[in-house]
Amino acid sequence: MVVPCFRQKTFKNKDGSTRTYLQLVESVRQGGRVRQRVVATLGRLEDLQDGRLDALIENLARFSQNTWRRLEEQAERLNVRWSKQWGPALIFERLWREAELDKAFAALLEDRQLAFDVAEAVFTMVLNRLTDPCSKRGLVRQWLQGVYRPQAEQLELHHYYRALDVLAEHKEALEDRLFARARDLFWTEVDVVMWDATSTYFEGRGPEGLAAYGYSRDKRPDRPQLVVGVLMTRDGYPIAHEVSRATPPTRPRWRPSLTRSRGVSTYAG
């Protein structure tokens with residue numbers, strides 16, 4: 001059975017320009033070799049792409065007794081009710097499991113009776129940070145409406161705020177597990193680690209006991225400040241972080257607990 005197929009044939013004009021034709025061809029054996037024989041030249045490709053090719057396909061489909069006819073009938077019944085973004089969630093879920101964060105939350109929260117899925121709340125917040133960062137309120141009211149994540153449908157705004165409290169409570173344990181997993185995956189070297197910090201400020205009073213007036217790298221000493229510091233490897237891989245009260249000196253207060261007996265030399269940047 002000979003099955004025709006299509007090919008493009010390009011010719012060069014005298015002025016150096018080109019013209020391309022769409023041809024219907026079939027494979028034939030001549031002298032022991034398989035060659036393509038032109039059945040019909042349908043016309044110049046750029047002319048066909050203005051809608052004529054679609055009309056030709058539609059007309060040909062009328063003579064199809066099988067595939068094309070069934071596809072046409074199914075398309076007539078197709079009704080798209082909604083569309084949502086799914087790809088980023090699939091990719092990030094793979095990374096989440098590779099980092100063993102699912103196991104980490106299961107181990108840390110196994111003895112606690114919580115009325116909502118903390119791990120899912122954290123997963124959703126991080127996914128939002130990676131794709132289209134917004135506030136927690138914006139996450140619930142807008143961003144999630146365009147993302148296919150059925151697991152998050154039972155979560156409400158207050159669940160995300162409560163999940164942040166749980167994260168703060170288990171911060172060191174989660175960082176330790178991530179650090180250990182990173183060493184397994186990437187052979188991370190930690191003979192020397194770097195400590196870097198910056199300040200940021202609040203509009204308004206800020207959280208009591210944390211925000212304070214002090215030195216501002218943003219040149220906003222009129223706003224309550226806090227210091228955010230990150231401990232990282234020489235390659236820039238984050239190991240731990242610390243959020244502390246702002247202090248007048250240009251360097252933040254060093255927190256020895258960040259090394260947590262890892263036996264490394266530390267340099268403040």
## Note on the structure
Residues in the range 79-110 that are in contact (Cβ under 8 Å) with a residue 60 or more places away in the chain, more than 30 Å from residue 176 (Cβ to Cβ) and either loosely packed, with under 10 Cβ neighbours inside 10 Å or among the hydrophobic types (A, V, I, L, M, F, W, C) (or both) total 1
### Summary
In the range 157-193, anything part of a strand (DSSP E or B) and crowded, with 16+ Cβ neighbours inside 10 Å is listed as 193
### Message
Quick check on my filter: what residues within the range 11-38 are open to solvent by less than 80 Å² (accessible area, probe 1.4 Å) and of a type in the set (Val, Ile, Thr)?
### Response
20, 25, 28, 38
### Message
Given the condition modelled with pLDDT under 70, loosely packed, with under 14 Cβ neighbours inside 10 Å and of a type outside the set (Asp, Glu), answer yes or no: does some residue in the range 232-246 qualify?
### Response
no
### Query
When you go through (1) assigned to a helix (DSSP H, G or I); (2) open to solvent by less than 70 Å² (accessible area, probe 1.4 Å); (3) out of contact with any helix residue (DSSP H, G or I) (no Cβ under 8 Å at 6 or more places or on another chain) one by one for residue 76, which number turns out not to apply?
(2)
### Query
Do any residues in the range 117-130 that are in contact (Cβ under 8 Å) with a residue 40 or more places away in the chain and within 13 Å of residue 102 (Cα to Cα) have Cβ atoms under 7 Å from those of residues that are open to solvent by 10 Å² or more (accessible area, probe 1.4 Å) and of a type in the set (A, V, I, L, M, F, W, C), where the two are at least six apart or on different chains, and which pairs are they?
118/105; 118/109; 118/166; 121/155; 122/167
### Message
Among the residues in the range 215-230, are any modelled with pLDDT under 50, outside any loop (DSSP other than H, G, I, E, B) and either in contact with a strand residue (DSSP E or B) (Cβ under 9 Å, 6 or more places away or on another chain) or not acidic (Asp, Glu) (or both)?
### Response
no
#### Entry: Scope the range 187-239; condition small (Gly, Ala, Ser) and within 28 Å of the chain's Cα centre (by Cα); matching residues
197, 199, 229, 236
### Task
Could you tell me which numbered condition residue 145 fails, if it satisfies all but one of (1) exposed (fewer than 12 other Cβ atoms within 10 Å of the Cβ); (2) outside any helix (DSSP H, G or I)?
(2)
### Query
Looking at 79, 59, which is the one that is under 25 Å from residue 144 (Cα atoms), out of contact with any Gly (no Cβ under 8 Å at 6 or more places or on another chain) and modelled with pLDDT under 85?
79
### Message
Tally up the residues in the range 53-73 that are surrounded by 12 or more Cβ atoms within 10 Å (Cβ to Cβ) and of a type outside the set (A, V, I, L, M), please.
### Response
4
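The values are calculated or read from the model by the stated rules, or taken from the named source; none is laboratory data. Just so it is clear, the structure is predicted and the values come from calculations on it, not from any experiment. Note that we place each Cβ from the backbone using ideal geometry, even for glycine, and neighbour counts take in every protein chain shown. Only protein heavy atoms, including side chains, enter the accessible area calculation; ligands, DNA and RNA are left aside. Shrake-Rupley method; radii C 1.70, N 1.55, O 1.52, S 1.80 Å.
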